[in-house]
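Single-structure report; data block below.
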Amino acid sequence: MTIKKASKRMYRKIAVGILLASTLAIGGCSNLGGCDSLALCDDFSKVNDPNFKIITAGVVNYTTHSVGRVHLLPLNKNDIDDGAIIGVAARTPMNANEWSTGGGGMPALAWDFRWKLPKKFKVWWTVIHDDKLYDASKTYMKDGKPFDPYDPYITKETRPGLVWCEAEVEIKHPVIKDRSSKLALYFYPDGHVEGDIGGIPMSKLDIQKRSELPVSDKPCAKEISNPYYGKKKPVHFTY
């Protein structure tokens with residue numbers, strides 16, 4: 001290996017480390033996850049481990065609901081601390097010319113090359129199904145300071161107007177070591193979610209064929225309880 005190539009590789013690893021640290025600070029990630037956790041947390045060892053590749057991830061929203069706080073978890077886990085933080089995506093209005101997308105700029109997941117494909121994961125996310133109830137419960141000014149009447153760590157119920165959802169996705173395509181790879185999660189109007197490994201652009205459906213997609217009157221096929229309830233609240237947490 002030439003000195004030039006070695007230097008490039010070293011700087012790339014440093015850049016990934018800096019981005020990873022930024023992601024953790026923004027996401028409020030804790031280091032509660034075990035070795036089979038998908039959360040990057042404080043585990044910088046995966047950056048230099050040849051068995052892993054740190055990849056970005058993004059969300060494509062085929063629905064008219066906002067998709068928020070998307071986490072990818074192992075199938076056998078039910079703790080949000082074990083989830084990789086994927087991102088959010090605003091609703092796609094009916095008159096839009098392109099799908100709403102989100103995430104993709106920060107490291108999200110340490111892909112393990114030892115995983116056998118196809119690989120199944122669990123997805124948790126939020127959906128705002130009632131704008132009026134949601135807006136009425138948002139942060140407001142009280143005694144000259146921002147005040148949020150809802151605290152997910154002490155309130156078992158979800159925020160008014162919002163639901164937590166769960167779905168299962170199956171990834172069939174591999175991450176290639178020396179090629180740019182990105183995990184994309186696709187949220188459909190009938191409540192199901194699909195996932196794939198690929199590049200950019202992420203969208204795989206023509207928005208002109210939107211009317212052909214099956215639609216459900218429910219925000220998602222499976223609702224779950226507030227996953228933050230009863231957990232230790234981070235010092236700098238913003239919900």
Q: Go through (1) of a type outside the set (A, V, I, L, M); (2) under 21 Å from His65 (Cα atoms); (3) within 18 Å of the chain's Cα centre (by Cα); (4) open to solvent by 80 Å² or more (accessible area, probe 1.4 Å) and name the single condition Glu194 misses.
A: (4)
Q: Looking only at the stretch 146-161, decide whether some residue is touching a strand residue (DSSP E or B) at 6+ places or on another chain (Cβ under 6 Å) and of a type in the set (Val, Ile, Thr).
A: yes
Q. What tally of residues in the stretch 141-155 results from selecting those that are open to solvent by less than 30 Å² (accessible area, probe 1.4 Å) and either in contact with a Ser or Thr (Cβ under 7 Å, 6 or more places away or on another chain) or small (Gly, Ala, Ser) (or both)?
A. 1
Q. Quick one: is Lys13 farther than 19 Å from Gly195 by Cβ, in contact with a helix residue (DSSP H, G or I) (Cβ under 7 Å, 6 or more places away or on another chain), outside any loop (DSSP other than H, G, I, E, B) and at pLDDT below 90?
A. yes
(Q) The conditions are (1) open to solvent by 20 Å² or more (accessible area, probe 1.4 Å); (2) part of a strand (DSSP E or B); (3) not hydrophobic (A, V, I, L, M, F, W, C), and Lys138 fails exactly one of them. Which is it? (A) (2)
Q: Mind listing whichever residues of the stretch 87-101 are open to solvent by less than 10 Å² (accessible area, probe 1.4 Å) and either out of contact with any Ser or Thr (no Cβ under 8 Å at 6 or more places or on another chain) or in a strand (DSSP E or B) (or both)?
A: Ala89
Q) Residue check: is Asp112 of a type outside the set (A, V, I, L, M) and in contact with a Gly (Cβ under 9 Å, 6 or more places away or on another chain)? A) no
Q.
I'd like to verify a number: residues in the stretch 155-171 that are out of contact with any Lys or Arg (no Cβ under 8 Å at 6 or more places or on another chain) and either in a loop (DSSP other than H, G, I, E, B) or among the acidic types (Asp, Glu) (or both), how many?
A. 6
**Q.** Top-ranked residue of the stretch 197-229 - restricted to ones that are loosely packed, with under 10 Cβ neighbours inside 10 Å and not in a helix (DSSP H, G or I), ranked as modelled with the lowest pLDDT
**A.** Asp217
**Q.** Sole residue being part of a loop (DSSP other than H, G, I, E, B), among the basic types (Lys, Arg) and open to solvent by 70 Å² or more (accessible area, probe 1.4 Å), chosen from Lys120, Lys132, Lys177
**A.** Lys177
**Q.** Residue that is surrounded by the most Cβ atoms within 10 Å (Cβ to Cβ), among those in the stretch 106-117 that are of a type outside the set (Phe, Trp, Tyr) and either part of a loop (DSSP other than H, G, I, E, B) or without any contact (Cβ under 8 Å) to a residue 40 or more places away in the chain (or both)
**A.** Leu117
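The values are calculated or read from the model by the stated rules, or taken from the named source; none is laboratory data. Owing to the predicted nature of the structure, the values given are computational and were not obtained by experimental measurement. Cβ coordinates were reconstructed from backbone atoms using ideal geometry, including for glycine residues, and neighbour counts include every protein chain displayed. Note: areas computed on protein heavy atoms with side chains; ligands, DNA, RNA excluded. Shrake-Rupley method; radii C 1.70, N 1.55, O 1.52, S 1.80 Å.
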